[in-house]
Structures are given as structure tokens and as C-alpha cells.
Amino acid sequence: MHRLAHAGPRLLSRPGAVGGLAYNLASDMKAALKRDEFYLEYQPQVNSDTGRVYGVESLMRWKHSQIGSIPPPVFIGLSEDTGYIADLGLWGFEQSIRQMAEWRSAGMTDLIMSVNVSAIQLADKNLPGNVMKILDHYDVPVGNVKLEVTESIALTSQMVKNEVLARLHALNIQLAIDDFGMGHSSLTYLKKFPVASLKLDGVLSRDVLASRSSCEIISSIAELCASLNINLVAEYVEDEEHLLKLRSLGCPNIQGYFYSRPLGSEEAFAFISKTHKAYGEQSRQLSVG
Ligand code: C2E
Ligand code: CA
Ligand code: CA
């Protein structure tokens, strides 16, 4: 599990300035969390057939007091290297559920909050218990939450063997396979380990405009998902041409700049409310404070 999680470049072991900066950032993280430098944004997931937002993905941000915004792949990677991701990831999950509870109380009871989970967290036997404790505490049903796991760890024999994933599944926590199509896929595991969603990798999804074979791959993935009752989502959808192509291939669920960038909590609430209002659903005003 650790080997896979560390498949990317390890910033901490780089020589010179990069390694030094990485070391300083990594040592800053705990204090930064206490200083409220971390926060979440929420990117809408839209059913393009109806225009309605059915879910959001929570995305973590770090605004460092001196350096400014640190890109998520940098600080998430560093926190995986130091092991701090266990605490940081749990903090992100709790914030996401706290937000979900607030939106539920405003009437958004069927919204799904997707939270990213790192491979390191899936090696932590306490994760399922911690997840359930947080859901209980905020009184949020399991049906309102989905955990996103990247394909490289998910679709391997490890998935079937991973006790943490098995426990999460037994607790009815929905799982999504992130970055699907990046080459590790073994579709047979989808039958052995039921997942709620597949998120097409951005590279594959974007390729539909240029490549016929990518179109064929996506339409067969869409067919497979329909037969296994898996929700298929395309990411990185930035323009209408792309959206229409994906829809014609059987993938109407869209996350990307075409609809919206990741948004702060109030903006996200307004965005979701607007699409729900078009369906006659009224969301209540959020109480401030
Ligand atoms: P991801 O899970 O694949 O998240 C999607 C990324 O694509 C996000 O980048 C999002 O801002 C970006 N994106 C969405 N739509 C578009 C689009 O139309 N065009 C373009 N160019 N980009 C788009 P972000 O927020 O920088 O996050 C990068 C990665 O960092 C995430 O990739 C995820 O792997 C990781 N990450 C972010 N938040 C968390 C977290 O709370 N926990 C963990 N473990 N990982 C996280
Ligand atoms: Ca994700
Ligand atoms: Ca992704």
C-alpha cells in the first residue's frame, strides 16, 4: 500500500532547494492546520441531461501565511510522505461532513459529498470507525457521502483484499474510483468489489474530441457502468463541445470548469440552490454564524 502511495516523486528526498522547501512545508503543516490555513472548496457535479447538481467533490486548499497558495498535489504528496495525511485527511472529512450537515439542514438532503481518500488512509484500520463517528456526530446518513479512491490502488487485487475498503463497503459507504482509465484498470475487479462511481480520468475524457479509440473506450465503459449500476462521471469538462460528445457516448454526469470551478462554501450553496430551484425545490436560507 505504501509503495503504491509513494509512486510519485518524493519531494522530501530531493536534494538542494526543492528538498529544503519540501522539508519546511512538511514541518509547517501541523501548526498551519491550527492556524486555520487549510480550508475546503466544493466543485459541483452536474447531471447534464437535467442541469441539476447531484453532488460536490470537496477539494482541500492550503493558503500558507508566507508563501500563499500551495498546490494540492504538493501538500497532499508531502503529507503522505510524512504520514500527516492521516490527521489532515480526517480533518478534511470532518469539515466536509460538517458542511454536508449544514446543507442538509437547508433542505439539500439528497446531495452527495465526495471526499478524497489517500492510499495511506486506506492502510489505517481506524478509518472506518472514525468515519462512522463523524457521520454520527453530525447526524449525516451514509447515503450522503462518497469516498474517492484513485484507480492505482483501487482496481487491483489489493482492493479485494483491503480490509479497510471492505469494512467501509460493509458499512454502506459508497466508493468512487478516481482517475479511471489511467492504465491500471482491471475491469474484472469491478465485479468482485462493487463501487458506486467511476470518475473518468481527465486525459482520457479530453481525448474524446481527438481520438476515435478513446470514444470507443468511453462508450464501452459507459455500457459496463450502466449494466453494473455504476454512476459514471467525467472530469475536466471545460467546454460545450466536450460535454456534448461525452453525453453522446453515454456519460451525462459532468464535473469541470464548463459548469463551475471549485467554489467556497457560500458560492457553492448558491450554485446548487439555483439548479435545484429550477426543479421547484426550495432551499432554506442558511443561518449565519
Ligand atoms: P482529483 O481528485 O482528481 O481532483 C480533481 C482536480 O481537477 C482538482 O484539482 C480540480 O480543481 C481540478 N479540476 C476540476 N475540473 C477541472 C477542469 O475543468 N479543468 C482543469 N484544468 N482542472 C479541473 P485540485 O483541487 O488542484 O486537486 C488536485 C488533486 O489533489 C486532486 O485530484 C486530489 O488527488 C488531491 N486532493 C485535493 N484535495 C484532497 C483531499 O482533501 N484529500 C486527498 N487525499 N487528496 C486531495
Ligand atoms: Ca477526486
Ligand atoms: Ca480525478
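Can you confirm whether the stretch 25-39 contains a residue that is modelled with pLDDT of 95 or more and among the hydroxyl-bearing types (Ser, Thr, Tyr)? Checked the stretch 25-39: at least one residue is modelled with pLDDT of 95 or more and among the hydroxyl-bearing types (Ser, Thr, Tyr). Within the stretch 37-56, residues that are closer than 22 Å to Gly92 by Cα have Cβ atoms under 8 Å from residues that are basic (Lys, Arg) and near ligand 1 (Cβ under 10 Å from one of its atoms) in these pairs: Phe38/Arg61; Tyr39/Arg61; Leu40/Arg61; Glu41/Arg61; Gln43/Arg261, counting only partners at least 6 apart in sequence or on another chain.
Take Asp110 and decide whether it is open to solvent by 10 Å² or more (accessible area, probe 1.4 Å), closer than 19 Å to Asn144 by Cβ, of a type outside the set (S, T, N, Q) and away from ligand 3 (no atom under 16 Å from the Cβ). When the stated conditions are applied, Asp110 passes them. Inside the stretch 60-79, can you point out the residues that are in contact (Cβ under 8 Å) with a residue 60 or more places away in the chain and buried (at least 18 other Cβ atoms within 10 Å of the Cβ)? Of everything in the stretch 60-79, those that are in contact (Cβ under 8 Å) with a residue 60 or more places away in the chain and buried (at least 18 other Cβ atoms within 10 Å of the Cβ) turn out to be Gly77, Leu78.
When the strands (runs of 3 or more DSSP E) confined to the stretch 61-163 are screened for residues that are touching a Ser or Thr at 6+ places or on another chain (Cβ under 7 Å), those reaching at least 2 such residues are found at 112-116, 145-150. None of Ser265, Ser248, Ser283 is at pLDDT 95 or above, hydroxyl-bearing (Ser, Thr, Tyr) and over 21 Å from the mean Cα position of the chain (by Cα) except Ser248. In the set Ser205, Ser214, only one residue is free of Cβ contacts under 8 Å to residues at least 24 places away in the same chain, surrounded by 19 or more Cβ atoms within 10 Å (Cβ to Cβ) and among the hydroxyl-bearing types (Ser, Thr, Tyr); that residue is Ser214.
The values are calculated or read from the model by the stated rules, or taken from the named source; none is laboratory data. All of these numbers come straight from a predicted model, not from anything done at the bench. Glycine gets a Cβ as well: all are built from the backbone with ideal geometry, and neighbour counts include every protein chain shown. Note: accessible area is taken over every heavy atom of the protein model, side chains too, but ligands, DNA and RNA are not part of it. Shrake-Rupley method; radii C 1.70, N 1.55, O 1.52, S 1.80 Å.
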